[in-house]
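Below is one structure, written out as structure tokens, with a few remarks after it.
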Amino acid sequence: MRVIFALWLREVKRYLRSRTQMIASLGQPLMYLLVLGFGLGPVFARAGQGSYLQFVAPGVIGMGILFTSIFSGVGLLWDRQFGFLKETLVAPVPRLQIMAGRTLGGATIAIIQGTLVLILCMLVGFRPQGFAAIPQAFLFMVLIAIVFAALGTAIGSTLRDMQGFQMIMNFLIMPIFFLSGALFPLTNLPTPLLVATRLDPLSYGVDGLRGAFIGLANIGVAFDVVVLGVLATAFLILGAWAFSRIQV
């Protein structure tokens with residue numbers, strides 16, 4: 001447990017020290033909130049869907065958690081490149097503990113980032129349906145962070161250079177975001193698109209956040225929790241297996 005805590009603390013400290021990165025990472029969520037939230041607001045309202053800012057804010061929070069947690073895998077690549085990973089792996093501790101510490105650190109950073117995005121959303125006009133919704137929404141933030149931090153660890157364990165991660169970013173992460181329903185309702189979709197959204201893990205996170213914050217869940221909050229819990233377990237197992245196969 002001491003190893004897990006030490007690695008978790010190292011990841012969190014590294015993030016908190018990088019205040020420039022912390023502030024810069026809020027730029028993309030702010031752009032979506034201002035450009036889409038206010039730009040498409042009148043169109044969304046004329047369609048009888050209410051406030052688009054209220055609708056899109058949970059999706060933007062999910063996006064912030066997704067990108068931050070996945071990018072925790074980039075830290076694994078940096079550690080491999082500069083030799084820190086080799087020093088860690090040759091230490092007389094189980095690799096499972098190393099993987100758990102790094103993954104929990106990445107998930108914690110993603111939760112902090114999601115909280116900052118939530119504050120940003122509230123500053124530009126987003127209003128949850130009540131403060132009682134915050135604990136439920138926080139549960140979904142934690143589940144999203146664990147799912148994609150574990151996935152980021154699995155991806156980072158199998159890659160050897162940053163170019164490979166950029167390919168993963170373009171062909172996996174962006175489709176996960178755009179198919180999650182973060183920017184559009186998951187109703188009245190063509191069958192192929194509906195199937196794609198149901199296969200997207202982030203869809204259940206965004207749906208759960210939206211259900212918690214504004215009471216609008218198309219899939220179902222309870223089902224969202226079950227699916228995310230199963231995916232978190234599966235990706236943790238996958239990440240542990242991939243991490244155990246890293247060659248020193």
Can you pull out every residue in the range 207-248 that is touching a Gly at 6+ places or on another chain (Cβ under 7 Å), at pLDDT below 95 and among the β-branched types (Val, Ile, Thr)? Val221
Failed condition for Asn188, given (1) surrounded by fewer than 15 Cβ atoms within 10 Å (Cβ to Cβ); (2) within 21 Å of Leu228 (Cβ to Cβ): (2)
At least 2 residues that are at pLDDT 90 or above, surrounded by fewer than 22 Cβ atoms within 10 Å (Cβ to Cβ) and not polar (S, T, N, Q) in each: list the helices (runs of 4 or more DSSP H) lying fully within the range 57-143 that qualify. 95-123
Could you give me the residue pairs with C-beta distances under 8 Å whose first residue belongs to the range 135-152 and is under 11 Å from Phe213 (Cβ atoms), whose second residue is buried (at least 18 other Cβ atoms within 10 Å of the Cβ) and among the acidic types (Asp, Glu) wherever it lies, and which are 6+ apart or on separate chains? Phe140/Asp224
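Pull up the range 220-244, narrow it to residues that are of a type outside the set (A, V, I, L, M), touching a helix residue (DSSP H, G or I) at 6+ places or on another chain (Cβ under 7 Å) and farther than 14 Å from Thr103 by Cβ, then point me to the one that is surrounded by the fewest Cβ atoms within 10 Å (Cβ to Cβ). First the steps, then the outcome.
Just the residues of the range 220-244 that are of a type outside the set (A, V, I, L, M), to begin with: 220, 223-224, 229, 233, 235, 239, 241, 243-244.
Next, from what is left, pick out any that are touching a helix residue (DSSP H, G or I) at 6+ places or on another chain (Cβ under 7 Å): 224, 229, 235, 239, 243-244.
Now restrict to residues that are farther than 14 Å from Thr103 by Cβ: 224, 229.
Working: Asp224: 25, Gly229: 14.
Per the stated criteria, the residue is Gly229.
The values are calculated or read from the model by the stated rules, or taken from the named source; none is laboratory data. A quick note: this is a predicted structure, and the numbers were derived from the prediction, not measured. No Cβ is skipped: glycine too gets one built from the backbone with ideal geometry, and neighbour counts run over all protein chains shown.
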